[in-house]
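Participant: Pasting a structure here, questions to come.
The values are calculated or read from the model by the stated rules, or taken from the named source; none is laboratory data. Note that the coordinates shown come from a computational prediction; the quantities given were computed from them, not determined experimentally. Cβ coordinates were reconstructed from backbone atoms using ideal geometry, including for glycine residues, and neighbour counts include every protein chain displayed. When the accessible area is computed, the model is the full protein with side chains, heavy atoms only, and any ligands, DNA or RNA have been set aside. Shrake-Rupley method; radii C 1.70, N 1.55, O 1.52, S 1.80 Å.
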Amino acid sequence: MAPHSEHSSNVDLDEIDRIIIDELVANARISNATLAQRAGIAPSTALLRTRSLVERGILTGYHAEVALGTVGRTVQALISVKLRAHDREKIDTFVERIPRLPEVLSMFHVSGGTDYLLHIAVGSTDALRDWVLDNLATDESVGHTETTLVFAHHRGNQGPLPTEDMMH
C-alpha cells in the first residue's frame with residue numbers, strides 16, 4: 001500500500017466506513033464474514049468497502065503489534081532532538097537515517113523548542129545511553145537531546161473521531 005499523508009484532507013466517511021475502520025483498528029485479523037456481520041452488510045459488500053478504504057488512502061496498512069519486552073526491548077524512551085542548524089541537506093540526511101535505525105519505533109517532526117521527537121526501544125539503560133551517544137551525540141547536525149524514559153504506553157483511539165450526529 002502507498003504511504004499515507006498525515007496532511008490529507010478529511011474525507012467523507014459514512015457510518016459503514018466508520019464501523020469497518022473501528023473493527024479493523026480493534027482487530028486487523030477479523031474475518032470478512034464477521035466484519036460484514038458487525039457492519040450489517042453482505043460479505044461481498046464488506047470486501048468492496050474495505051478495498052475502497054484502501055484505494056482512497058484511508059486504510060494504509062495492517063500490522064502485528066509486538067509486546068516489546070518479550071523480544072528483549074524492555075526500555076523505551078522518548079528523545080527530544082534539537083538540531084544545531086537548519087540546513088536542508090543535513091535535515092534530509094537526519095530524517096533519512098534516524099527512522100531506519102532498528103531501535104526507532106517512531107519519529108515525529110514537531111513544533112516548539114524541539115525539532116524531532118523519537119520513540120525508541122532498547123534492551124537496557126546501558127543500551128539506551130550507548131544509542132544516544134552513537135547515533136545522536138556524534139551527529140554534527142544535532143545540537144541538543146533530552147531523554148525521557150517511558151514507564152507505560154497506553155494506546156488511544158486509532159480510528160476516526162465520532163461525528164457530531166454520533167455524539168448525540
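Participant: For the range 72-137, what is the relative contact order in percent, using Cα pairs closer than 8 Å and at least 6 residues apart in sequence?
Facilitator: Working: 79 pairs, mean separation 29.5, N = 66.
This gives 45 percent for the range 72-137.
Participant: May I ask you to give the solvent-accessible area per residue for the range 19-168, in square angstrom, as obtained with a 1.4 angstrom probe? Show your work: numbers first, answer last.
Facilitator: Numbers: 9820 Å² over 150 residues.
Per residue, the range 19-168 has an accessible area of 65 Å².
Participant: Another question about this same structure. Spelling out what I want: for every residue of the range 22-30, take phi, set θ = phi - 60°, compute 6.51 cos²θ - 1.76 cosθ + 1.60 (Karplus), and round to whole Hz; glycine and proline get x.
Facilitator: Values per residue, Gly and Pro as x: 4, 5, 5, 5, 5, 7, 5, 9, 4 Hz.
Participant: For the chain, with all protein chains present and a 1.4 Å probe, just round the carbon and sulfur fraction of the accessible area to a whole percent. The partial results should precede the final answer.
Facilitator: Numbers: 5930 of 11440 Å².
That fraction is 52 percent.
Participant: Could you tell me which label, among [x] 38, 19, 14; [y] 42, 18, 15; [z] 27, 18, 15, carries the value of semi-axes √(5λ) of the Cα gyration tensor in Å calculated for this structure?
Facilitator: Derived directly from the coordinates: [x].
Participant: Give me a comma-separated list of calculated 3J(HN,Hα) values for the range 117-132, in order, Karplus coefficients 6.51, -1.76, 1.60 applied at θ = phi - 60°, integers in Hz, x for any Gly or Pro.
Facilitator: 10, 10, 10, 10, 9, 9, x, 6, 5, 5, 5, 5, 4, 5, 5, 4
Participant: Which of the peptides 87-96, 53-62 is most tightly packed, and how do the rest follow, judged by the mean count of other Cβ atoms within 10 Å per residue?
Facilitator: Numbers: 87-96: 12.4, 53-62: 13.9.
My ranking of the peptides, most packed first, is 53-62, 87-96.
Participant: Okay, next question. Could you work out the relative contact order of the chain? I mean the mean sequence separation of Cα pairs under 8 Å and 6+ apart, divided by the number of residues, in percent.
Facilitator: Numbers: 174 pairs, mean separation 41.7, N = 168.
The value is 25 percent.
Participant: Same structure, new question: Report the dimensions of the range 45-99 along its three principal axes from the alpha-carbon atoms, largest first, rounded to Å.
Facilitator: Reported extents, whole Å, longest axis first: 53, 35, 15.
Participant: Where the centroid of each part is defined by its Cα atoms, how far is the range 125-161 from the range 4-81 in Å?
Facilitator: Centre-to-centre (Cα) distance: 26 Å.
Participant: Something else now. Through the Karplus equation 6.51 cos²θ - 1.76 cosθ + 1.60, θ set to phi - 60°, convert the phi angles of the range 86-93 into ³J(HN,Hα) values in whole Hz; use x for Gly and Pro.
Facilitator: 3J(HN,Hα) across the range 86-93, in whole Hz: 9, 8, 4, 5, 5, 4, 4, 5.
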